[in-house]
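Following: one structure in structure tokens, then a few remarks.
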Amino acid sequence: ADWTIPPLLAANGSTSSLTNLATFSETIPAPSGTVYTRGAGGVHDAGNEDGVIYWGKWVDGSIDNGAGQQPLTHLLYVAGNPVAPAGTGTATYGVASGFLYDGVTTGVISAGDIALDFDIRKISVNMSTWFDLLANGYSITASTSYVGSPPATFSMTGGSVESVSGGATNNSFRAQGMFAGTDASHAGLVFSFIKAGEVPDKSVTGVAVFKK
């Protein structure tokens, strides 16, 4: 089984090159002593946006949290140096790159944005996705609130995942995100959701990079 909640990888990820993640510490709570291993297959689908945020996918890694090794066969990540945004009003980040994986097929993020509202202290995500082989897409909306100043990293749960073809919806979206770059010019997101309206349920993981 895949590790279905992708970790946010920040400055504490060590790399043998900037697009080849070797090890990391993740923000999702894990038992003390948890060990992540990349595996011999290394990283696939690696890339970066403007040298600010990097992404990729472990293809044969494993996790051991004391109960024995479990596979991390398609663990997606983003890596960068987190920067807390500053400003007033609203900052909008348009989608620059990204892809999806559901264990069988790959998909794309055809449109989307992250909106940061400084006045009401809210971060919102909107994405349109598409799987060519399935001839279907999913519309995603989610948000999270914060207290005080905008954070450099954030997480989201719930939201809405709507099937374009069937109109079915669920609230399975979960994500970890970060801002990075000069004046928080970019944002990275790793996320997962269950395909709305499909039986049996199938988990999708994805990575997306946005920029002002």
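Of the residues contained in the range 192-211, none is found to be in contact with a Pro (Cβ under 7 Å, 6 or more places away or on another chain), hydrophobic (A, V, I, L, M, F, W, C) and under 22 Å from VAL83 (Cα atoms). Residues of the range 81-105 being assigned to a strand (DSSP E or B), under 17 Å from the mean Cα position of the chain (by Cα) and surrounded by 15 or more Cβ atoms within 10 Å (Cβ to Cβ), which ones? PRO82, TYR93, VAL95, ALA96, SER97, GLY98, PHE99, LEU100, TYR101, listed by residue number. If you go through the range 106-136 and keep only what is closer than 16 Å to ALA196 by Cα and outside any strand (DSSP E or B), you end up with LEU134, ALA135. From the list ALA208, ALA111, the one residue that fits, being over 21 Å from LYS57 (Cβ atoms) and aliphatic (A, V, I, L, M), is ALA111. Does the range 75-96 include one or more residues that are in contact (Cβ under 8 Å) with a residue 60 or more places away in the chain and farther than 29 Å from GLY181 by Cα? Looking through the range 75-96, none of the residues is in contact (Cβ under 8 Å) with a residue 60 or more places away in the chain and farther than 29 Å from GLY181 by Cα. Residues in the range 182-212 that are among the hydroxyl-bearing types (Ser, Thr, Tyr) and over 16 Å from VAL95 (Cα atoms) were compared, and the one that is most open to solvent (accessible area, probe 1.4 Å) is THR182.
Being at pLDDT 85 or above, touching a strand residue (DSSP E or B) at 6+ places or on another chain (Cβ under 9 Å) and of a type outside the set (Gly, Ala, Ser): is that true of TYR101 here? Here the answer is no, as TYR101 does not meet what is asked.
May I ask you to list the residues in the range 61-76 that are surrounded by fewer than 22 Cβ atoms within 10 Å (Cβ to Cβ) and in contact with a Lys or Arg (Cβ under 8 Å, 6 or more places away or on another chain)? Passing the criteria: only HIS74. So is ASP201 among the charged types (D, E, K, R) and over 16 Å from the mean Cα position of the chain (by Cα) or not? Yes. Among the residues of the range 159-181, the ones that are open to solvent by 40 Å² or more (accessible area, probe 1.4 Å), assigned to a loop (DSSP other than H, G, I, E, B) and either under 18 Å from ILE109 (Cβ atoms) or in contact (Cβ under 8 Å) with a residue 40 or more places away in the chain (or both) come to 2 in all.
The values are calculated or read from the model by the stated rules, or taken from the named source; none is laboratory data. A quick note: this is a predicted structure, and the numbers were derived from the prediction, not measured. When we count neighbours, we look across all protein chains shown, and the Cβ atoms used for this are built from the backbone with ideal geometry, even at glycine. Side chains are part of the model used for accessible areas, which takes the heavy atoms of the whole protein and leaves out ligands, DNA and RNA. Shrake-Rupley method; radii C 1.70, N 1.55, O 1.52, S 1.80 Å.
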